[in-house]
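Data block below; observations after.
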Amino acid sequence: MNPSILTRLRGARRSRLLKSTLAATGALALTLGLTSCGKADPYYSGSPNTVTLPVAAWAGSEANVAVAKQILEKQMGYRVKTLQMDEPVMFDALNTGRADAMLEDWRGVPKKEKKYVEELKTVVNAGELGVTGHIGWYVPTYFAKKHPEVKDWRNLPKLKKYFQTPESGDKGQLLEGSPSFSTYDDAIIKNLDLPYKTVYAGSEAAQTKEIQKRAAKKEPFLTYWWIPQWLNSKVPMTEVKLPKRTKGCDAVASKVDCAYPYTPLTKFMNRDFAENGGKAAEFLKKMNWTTEQQTEVVKWMTIDKMDTDEAAAKWVKENRDTWEKWLPDK
């Protein structure tokens, strides 16, 4: 279907839904629109708007959405619906309008980004989140101190004995997280002719548990890992330097033989929402926080075992000067 026609149809559906539910929710809208002082919230339109935000399978994504939800619901009067889904599926959801905005993309699915953003134009780039991410191969720092040569990928073949597991056989194991994560590791291993095998834990949580178990025993391990990541404060990691990036070295997935980039994490939106989502869309476009700020919320969620909503509420309470800058003009 032509993107412009699809956009008009989405707008029409939203309009009909809004009109049919407005009368029934008028009292609720009035209640939500009042502050503790009895004044109408200048950011709330009086409409029963719902914003749908997908959450990826890692703590940083969960923190972004939790903080945005706190502000959208408590300060602006919107209802926020969250959907758990993998990064590649998020682009599909934005394309169809099932989701409104993705708050953290690592630019790991370029084909879908090109299809929906450049070709169909149903999804738009909504600006950077403010956090810079980096994926790489890491070992625990206690192992790197004993074997500093591990920091150069060319020494991995002679060190494979330290990383062998029953799952990897006579090869060294490269521990992975979820199969849904965007990685080039199998290609890198093949193209660099390394005697290693990727072994998937199944999820970030399972990978984290395995790392903590090995770290408690001071055992060596080699893992696909990333920064920012809350576990780094408990288990210090040292990166294994892969070959330096060159132009186009990761253009073809099967031929990748270089290091992962440092990536400014990016927000994307359904085009209709970006253009017609009102104050909610304006707010999410302006949302921008630092790696340190995101990591603080993630620490509360993970290390301190705080409920996600409680951690987000705590951050919102303590950082008004930051998030007030994200609010739309009154």
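Laboratory data are not the source of any read-out in this text; all were calculated from the coordinates shown. Not measured: the values here are computed from a predicted model. Neighbour counts run over all protein chains shown; Cβ positions are idealised from the backbone, glycine included.
The residues Tyr184, Tyr262, when put in order of fewest to most other Cβ atoms within 10 Å, stand as Tyr262, Tyr184.
Annotation: the residues Thr223, Thr302, Thr290, Thr266, sorted from fewest to most other C-beta atoms within 10 Å of their own C-beta, follow the order Thr290, Thr266, Thr302, Thr223.
The separation of segment 122-171 from segment 253-330, counted between C-alpha centres, amounts to 26 Å.
If you put +1 on each Lys and Arg Cβ and -1 on each Asp and Glu Cβ, how big is the dipole of segment 250-330 around its Cα centre, in Debye rounded to 20? Don't jump to the answer; show the numbers that get you there.
On the way: 13 positive and 15 negative charges, 38 e Å.
For this selection, approximately 180 debye.
Taking the Cα centre of segment 133-262 as origin and assigning +1 to Lys and Arg Cβ atoms and -1 to Asp and Glu Cβ atoms, the resulting dipole is close to 480 debye. Taking label positions 7 Å along the Cα-Cβ direction at both Thr141 and Asp304, the computed distance is 2.2 nm, reported to one decimal.
Please tell me the relative contact order of the chain in percent, rounded to the nearest whole number, where contacts are Cα pairs under 8 Å and at least six residues apart. Result for the chain is 24 percent.
Modelled label positions at Glu73 and Lys314, each set 7 Å beyond Cα in the direction of Cβ, lie 1.8 nm from each other. Note on Ala216 and Leu120: the model spin-label points, each 7 Å out from Cα along the C-beta direction, lie 4.5 nm apart.
In the chain, the DSSP beta bridges split such that about 60 percent are antiparallel, to the nearest 5.
With +1 assigned to the C-beta of every Lys and Arg and -1 to the C-beta of every Asp and Glu, and no other charges, what is the dipole magnitude of the chain about the Cα centre in debye, to the nearest 20?
Computed about the Cα centre, the dipole is about 220 debye.
Seen from a random direction on average, the alpha-carbon convex hull of segment 133-262 projects onto 7.4 square nanometres. DSSP beta bridges fully contained in segment 133-262 are about 60 percent antiparallel. Panel order for Ser168, Ser233, by other beta carbons found within 10 Å of each beta carbon, from fewest to most: Ser233, Ser168. The calculated 222 nm mean residue ellipticity attributable to helices in the chain amounts to -11000 deg cm²/dmol, summing -39500 (n - 2.57) over DSSP H runs of n ≥ 4 and dividing by all residues.
Filter Lys267/Lys325; Lys151/Lys285; Lys241/Lys285; Lys151/Lys218 down to the pairs with a C-alpha to C-alpha distance above 29 Å, please. Too far apart for the 29 Å limit: Lys151/Lys285; Lys241/Lys285.
In order along segment 216-231, phi translates into HN-Hα couplings of 4, 9, 6, 8, x, 7, 10, 9, 5, 8, 8, 10, x, 8, 4, 5 Hz, rounded to whole numbers, per the Karplus curve 6.51 cos²θ - 1.76 cosθ + 1.60 with θ = phi - 60° and x for Gly and Pro.
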